[in-house]
Amino acid sequence: MEKFTAESLLSGKLKLLQPENGYRYTIDPLILCHHVQPAPGDRILDIGCGCGIMPLLIGYRTPDTFITGIEIQTALASIAKKNIDDNQMDHQIHIVNKDISDLSAKNTEGRFDRIISNPPYKKADTGRLNPDPQKAVARHELKLTIQTLFAKAEELLRPKGTIMVIFPAERLFDICQATQPTSIRPEWIRFIHASPQKNAIRVIVSAVKNIKSSCRVRPPLYLYDSHGNPTKEYRTVINA
């Protein structure tokens with residue numbers, strides 16, 4: 001029988017189960033949620049929702065939103081559903097166990113205002129493939145590529161809708177390439193650094209469907225200062 005661990009979020013306001021030995025969330029979804037600012041009534045789609053951490057965080061902070069989480073892995077989708085039920089947020093959050101390619105605006109009751117995603121970040125033919133199938137699918141582009149993500153986002157976003165992703169900084173070019181065949185264009189980017197002395201490790205890209213404005217580069221987010229202490233903004237992130 002699979003074992004789980006219970007994590008506390010938002011100073012104990014939320015409880016989250018995740019596999020003890022399978023795929024476990026990292027700091028990336030917390031950083032991404034820190035940047036999401038939904039409007040009242042927004043319909044939000046989390047592509048690759050895992051254990052449901054981002055729908056829970058965003059749903060709790062903005063209770064007047066409606067969130068769908070889609071997860072291709074049945075085991076993770078089941079955990080996500082349990083987490084939503086255990087936190088009594090099933091009136092606001094709906095988990096779907098499907099391949100993203102099977103979603104359309106027709107079977108999601110219309111298009112979304114926002115899409116968020118912490119997608120697989122390694123190309124299928126690069127790096128060591130984790131022997132754990134759950135971790136392999138979550139980390140390598142075996143079931144979802146960045147190109148497929150943006151193509152599907154174009155289909156599922158309403159006009160002027162936003163998609164926000166967090167991705168390895170060295171793959172920023174791949175994100176830009178993935179938007180080119182679509183009507184989605186980057187609105188702003190923000191680099192995430194471990195410290196001011198280190199190169200960026202992640203990048204957040206916020207892109208909008210059907211806009212023509214130029215892309216802004218926001219000030220970087222440093223996780224630690226030059227003395228190795230968590231920065232004020234990073235403390236806000238990790239205290240979620």
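Miscellaneous remarks
- Formal net charge of residues neighbouring LEU103 (Cβ-Cβ distance under 10 Å; K, R +1; D, E -1): 0
- Computed magnitude of the charge dipole of the range 4-238 (debye, nearest 20; Cβ of K, R +1, Cβ of D, E -1): 560 debye
- Residue pairs, from the table LYS3/LYS98; LYS160/LYS232; LYS81/LYS209; LYS3/LYS82, whose Cα atoms sit over 26 Å apart: LYS160/LYS232; LYS81/LYS209
- In the chain, helices alone account for a calculated mean residue ellipticity at 222 nm of -7500 deg cm²/dmol, with every DSSP H run of four or more residues adding -39,500 (n - 2.57).
- Prolate/oblate/rounded label for the range 37-101 (Cα gyration tensor, a/c 1.5): oblate
- The shape of the chain comes out rounded: with a ≥ b ≥ c from the C-alpha gyration tensor, a/c is under 1.5.
- Bridging of LYS152 to aspartates and glutamates at a Cα separation below 17 Å is possible for ASP46, GLU71, ASP99, ASP102, GLU109, ASP113, GLU141, ASP174, once same-chain residues fewer than 8 apart are set aside.
- Under 15 Å, Cβ to Cβ, from ILE31 - net charge with Lys/Arg +1 and Asp/Glu -1: +3
- Two-site FRET efficiency, ASN97 against GLN197, from Cβ-Cβ distance with R₀ of 45 Å, rounded to 0.05: 0.55
- Most fluctuating residue given options ILE72, ILE211, ILE44, as computed from a GNM of the chain linking Cα atoms under 10 Å: ILE211
- Summing charges over neighbours of LYS160, with a neighbour being any other residue whose Cβ is under 14 Å away from its Cβ, gives +3 when K and R count +1 and D and E count -1.
- Amide hydrogen neighbours beyond the local backbone of TYR23, cut-off 5 Å, H modeled: LYS135
- For the chain, the residue among SER214, THR236, THR162 whose Cα projects farthest onto the positive side of the dipole built from Cβ charges is SER214.
- Among ARG218, ARG202, ARG158, the residue with the largest mean-square fluctuation in a Gaussian network model of the chain, with springs joining Cα atoms closer than 10 Å, is ARG218.
- Within the range 4-238, antiparallel bridges make up roughly 50 percent of the DSSP beta bridges whose residues both belong there.
- In the elastic network of the chain, a GNM with C-alpha springs shorter than 10 Å, the most mobile of ASN97, ASN210, ASN21 is ASN21.
Each value in this text was obtained by applying a stated rule to the coordinates, not by laboratory testing. Bear in mind that the values here come from a model prediction, so they are computed numbers and not experimental data. FYI the Cβ positions are ideal-geometry reconstructions off the backbone, even for glycines, and counts take in every protein chain you see.
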